[in-house]
Amino acid sequence: MDPNFIVKVLLSLIVAAALAFAVTPLVKRLAQRVGAMDVPKDERRMHKIPIPRMGGLAIFFAFLIAVLCFAGIDRELRGILLGATIIVVLGILDDILTLNALPKFAVQIVAAVIAVLHGCRIEHFMGFRLATWLSYPVSVIWIVAITNAVNFIDGLDGLAAGVSAISAGSMLVVALLVPDYNSAILLAAIVGACAGFIPYNFNPAKIFMGDTGSTFLGFMLSSISIYGLFKMYAIISFAVPFLVLGLPIFDICFAVIRRVSKGQSPMHADRGHVHHRLIDMGFSQKQAVAIAYMLSAILGMAAVVLTNDGEMKALIFIGAVIVVGAIGVLVIFHRHPDKTEENAKKPEEEPHEEN
């Protein structure tokens, strides 16, 4: 490994963390001034008082400064950053005005198309090279799906920020092994920005990241997973992103199936996400978040292992997938308590984030 690039990666992480930590209080005051507040108004929200959201603006600012300072800005990265900026502007408007799902979805597609047209696209799938005409729609679907997947898991204090940091950290290790140092710098900036924001977002949260943060993180993680040298490795371009982002992918797939089976829109909000089910199983908010962190870490470890050869590593990979799969089955088939039971045992902890 080139020591100079390693230093840049570390500096990217440190600068992003410091900036996010310093800027978040300012963003909190800005959110209060412009009315970007999460008001508890339905059963999905367990906090009792309005909490400022739009904290993702601090994450975006910290990430962007770190990237501009340490990363090489090529055409592909320019497209990703332009798309990310559109996503952040959309998130800010949504956190202030609460936009409808359909226009948000349309703007997300536009942002993904911009990134894809600048070269950020999936070129391999399951060991086969995709035809150019097919790689464009597949890439747009991937980016938009993961953007919303991370948004879907943003339901408990510290959950989305922590899972995103763990996912980015796992991809960072893979990027260093490939090696793809530009991707490593981007991922280090995400890890740092999330780490700097999390102290304000742990239960009880002082600020929520809102759609500004969750959609930005989803957009960046999905884009980086098919950026640079990542797309040149058939196994990495398919299996690793699916493992690293396994928790949000599982949650969004389960949500879509659950809602469609009930005759509802896939974008219809409900209280059936993985984190909700963990709460209904009797875990506290902090315990549920810890379980989500553990699952993400296991999948991230499996992704790193998958990039290397060896029978023992293959066994570790298989074991990790089995453990996560077993927990997933338990969560899916756990019986929900009825309304009376639900109200009788509402958590007594401080507010948590719910979008």
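The values are calculated or read from the model by the stated rules, or taken from the named source; none is laboratory data. None of the values given here were measured: they were computed from a predicted structure. Ideal geometry is used to build each Cβ from the backbone, glycine not excepted, and the neighbour counts take in all protein chains shown. Protein only, heavy atoms only, side chains kept; ligands, DNA and RNA dropped before computing areas. Shrake-Rupley method; radii C 1.70, N 1.55, O 1.52, S 1.80 Å.
Could you list, in their original order, any pairs among Lys28/Lys262; Lys41/Lys104; Lys8/Lys28; Lys28/Lys286; Lys8/Lys206; Lys41/Lys206 whose Cα atoms are separated by more than 27 Å? Kindly include the intermediate steps, with their values, before the conclusion.
Working: Lys28/Lys262 38 Å; Lys41/Lys104 22 Å; Lys8/Lys28 30 Å; Lys28/Lys286 23 Å; Lys8/Lys206 31 Å; Lys41/Lys206 18 Å.
Where the Cα-Cα span goes over 27 Å, the pairs concerned are Lys28/Lys262; Lys8/Lys28; Lys8/Lys206.
When averaged across all projection directions, what area in nm² does the alpha-carbon convex hull of segment 4-117 cover? Show your work: numbers first, answer last.
Details: hull surface 34.8 nm².
If I average the Cα hull's projected area over directions, I get 8.7 nm².
For Arg33 paired with Asn4, estimate the spin-label separation in nm (one decimal), with each label point 7 Å from Cα along the Cα-to-Cβ line.
4.2
For Gly83, what charge total do you get from the other residues with a beta carbon under 15 Å from its beta carbon, if Lys and Arg give +1 and Asp and Glu give -1? Walk me through the intermediate numbers first.
Values: positive: Arg75, Arg78, Lys104, Arg121; negative: Asp74, Glu76.
In short, +2.
Taking the Cβ of Leu99 as the centre, find all other residues whose Cβ is under 14 Å away and add up their charges (Lys, Arg: +1; Asp, Glu: -1). Can you show the working numbers first?
Numbers: positive: Arg53, Lys104; negative: Asp94, Asp95, Asp211.
Once positives and negatives cancel, what remains is -1.
Would you work out the charge dipole size for segment 66-149 about its Cα centre, treating the Cβ of every Lys and Arg as +1 and the Cβ of every Asp and Glu as -1, and quote it to the nearest 20 debye? All intermediate terms of the calculation are to be shown ahead of the outcome.
Numbers: 5 positive and 5 negative charges, 37 e Å.
Around 180 debye, computed over segment 66-149.
List the residues, sorted by chain then number, that are 5 or more residues from Asp38 or on another chain and whose placed amide H is less than 5 Å from its amide H.
Answer set, sorted by chain and number: Ile51, Arg53.
Stick to the Cα atoms of segment 66-200, pair each with every other, and give me the Kirkwood hydrodynamic radius in Å at one decimal. Kindly include the intermediate steps, with their values, before the conclusion.
Numbers: mean 1/r = 0.0618 Å⁻¹.
Across segment 66-200, the inverse of the average 1/r is 16.2 Å.
Sequence-distant or interchain residues sharing an amide H contact under 5 Å with Gly155, placed H: which?
Under 5 Å from the amide H of Gly155: Ala160.
Search the structure for amide H atoms under 5 Å from the amide H of Phe125, placed 1.01 Å from N in the peptide plane, and list their residues when 5 or more places away or on another chain.
Leu130
So if we plug the beta-carbon distance of Leu82 and Val260 into 1/(1 + (r/R0)^6) with R0 = 25 Å, what FRET efficiency do we get, rounded to 0.05?
Numbers: r = 33 Å, r/R0 = 1.32.
Efficiency for this residue pair is about 0.15.
Please report the accessible area of Lys28 (heavy atoms, 1.4 Å probe, ligands and nucleic acids excluded) in Å², nearest 10.
60
Simple spin-label model, 7 Å along Cα-to-Cβ: Leu134 to Asn100 in nm?
3.6
With a probe of 1.4 Å, find how much accessible area segment 101-220 has per residue, and write the answer as a whole number in Å².
Details: 3480 Å² over 120 residues.
Per residue, segment 101-220 has an accessible area of 29 Å².
Round to a whole number: what % of the accessible area of segment 148-293 belongs to carbon and sulfur, probe 1.4 Å?
Result for segment 148-293: 72 percent of the exposed heavy-atom area is carbon or sulfur.
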